[in-house]
Amino acid sequence: MKKLVKFVHEIGAVGVMGALAACIVLLATAAPPPLPPAGDGAADGAAAALPAAVPAGLAGYAAVRHGVAQITQWILVPSLAVVTITGLLAIAINRAYTNAGWAWLKALMGVSLFEGSLLTIAGSARQADELMTMAVAGQADPAALAEILRTEWGGLWLIMGVSVANIALAVWRPRIGPRPLRDADEPPARIADPPGGAVDGAGHAPAEVRANATVDAPANALVNAAADAAVDAAADAAADASIVAHAGRRAGPQARSPADAALRAADSSVAGPARPVADSSVAG
């Protein structure tokens, strides 16, 4: 769904930029010819009775104006509607866009772009087409046409600039407002209570559970592996010390003291404080 919305949005943007470029090229290469002043009275009736030849420049410019009006009606306005709607849909279905300031700024500019195009470009093109049709029929209004052309040119360049700014926002995506929330920034999941609900006197979980809650799964694996290795090494050392101690008891009273000291040291490394060693001389 996301890719489809993005594809339709890009196609609409191509239509907007293409329509604007076509209108600019047509209007820049076809200068408006001087319009004949509108007559009145009996002269108009006599002129209407005779077949009047339309100047070639006037007829050609009227055709250009008609083409501009068709481009704005069938390409520019529909493309702007597609871009606006798909942009809002992209924000609604994409969480990253929902929390991005540049996306909301782009959507606001897109809505303004649509409204401005309807008022300045599409409306001016339609009015200019109607005036040129009247001029070909002999009812020209040069002042009204000049005002419409001025509004149309300003709207074309303004809409073109806003469209380029929208494309720049989509490409560079500057940080505007708070930083968007990403998956890595989400708070960690709550650690489940220990089995059986074991807590200490203050109502807290054991220290081991609280410590594990601050690290992730890979870190827990490393800590557990290191703890297992330490326990294995301590057990091996205790076994070796026990062997040495028993060997010392068999060797006689002279070797008993060093052997007992080694046994006590091995026991303290595994079970905590040293335990007294029974006198081997009391054999029973």
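The values are calculated or read from the model by the stated rules, or taken from the named source; none is laboratory data. For clarity, every value in this text was computed on a predicted model and none was experimentally measured. Counting neighbours? That spans all protein chains shown, and the Cβs are built from the backbone with ideal geometry, glycine included. For accessibility, only protein heavy atoms count, side chains too; no ligands or nucleic acids. Shrake-Rupley method; radii C 1.70, N 1.55, O 1.52, S 1.80 Å.
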Original post:
Taking interchain pairs and intrachain pairs at least six residues apart, which have beta carbon atoms under 8 angstrom, with the first residue in the range 83-109 and closer than 14 Å to K6 by Cα and free of Cβ contacts under 8 Å to residues at least 12 places away in the same chain and the second open to solvent by 40 Å² or more (accessible area, probe 1.4 Å) and part of a helix (DSSP H, G or I)?
Top reply: A92/T98
Original post:
For the range 120-142, what are the residues that are without any contact (Cβ under 8 Å) to a residue 40 or more places away in the chain, among the polar types (S, T, N, Q) and open to solvent by 50 Å² or more (accessible area, probe 1.4 Å)?
Top reply: Q127
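Go through the range 110-119 and report how many residues are farther than 13 Å from A13 by Cα and either modelled with pLDDT under 90 or open to solvent by 60 Å² or more (accessible area, probe 1.4 Å) (or both). Lay out the reasoning, then the answer.
Of the residues in the range 110-119, the ones farther than 13 Å from A13 by Cα are 111-112, 115-119.
When the remaining residues are screened for being either modelled with pLDDT under 90 or open to solvent by 60 Å² or more (accessible area, probe 1.4 Å) (or both), the result is 112, 115-119.
Selection size over the range 110-119: 6.
Restricting attention to helices (runs of 4 or more DSSP H) lying wholly within the range 76-167, give those where 2 or more residues are under 20 Å from A63 (Cα atoms) and more than 17 Å from the chain's Cα centre (by Cα). Working first, answer last.
On the way: elements: 77-93, 95-98, 101-116, 123-136.
Result: 123-136.
Run down A107, A92 and say which single residue is open to solvent by less than 60 Å² (accessible area, probe 1.4 Å) and not aromatic (F, W, Y). Before you say what the answer is, go through the steps one by one.
On the way: A92 fails: open to solvent by less than 60 Å² (accessible area, probe 1.4 Å).
A107 is the lone residue from the list that is open to solvent by less than 60 Å² (accessible area, probe 1.4 Å) and not aromatic (F, W, Y).
Any idea which of W102, W74 is of a type in the set (F, W, Y) and either open to solvent by 70 Å² or more (accessible area, probe 1.4 Å) or closer than 17 Å to L26 by Cα (or both)? Before the answer, list the steps.
Values: W102 fails: either open to solvent by 70 Å² or more (accessible area, probe 1.4 Å) or closer than 17 Å to L26 by Cα (or both).
After ruling out the rest, the residue left standing is W74.
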**OP:** Just give me the residues in the range 1-15 being under 16 Å from the mean Cα position of the chain (by Cα), touching a residue at least 24 places away in the same chain (Cβ under 8 Å) and either open to solvent by 100 Å² or more (accessible area, probe 1.4 Å) or under 15 Å from P78 (Cβ atoms) (or both), in sequence order.
**Re:** M1, K2, K6, H9
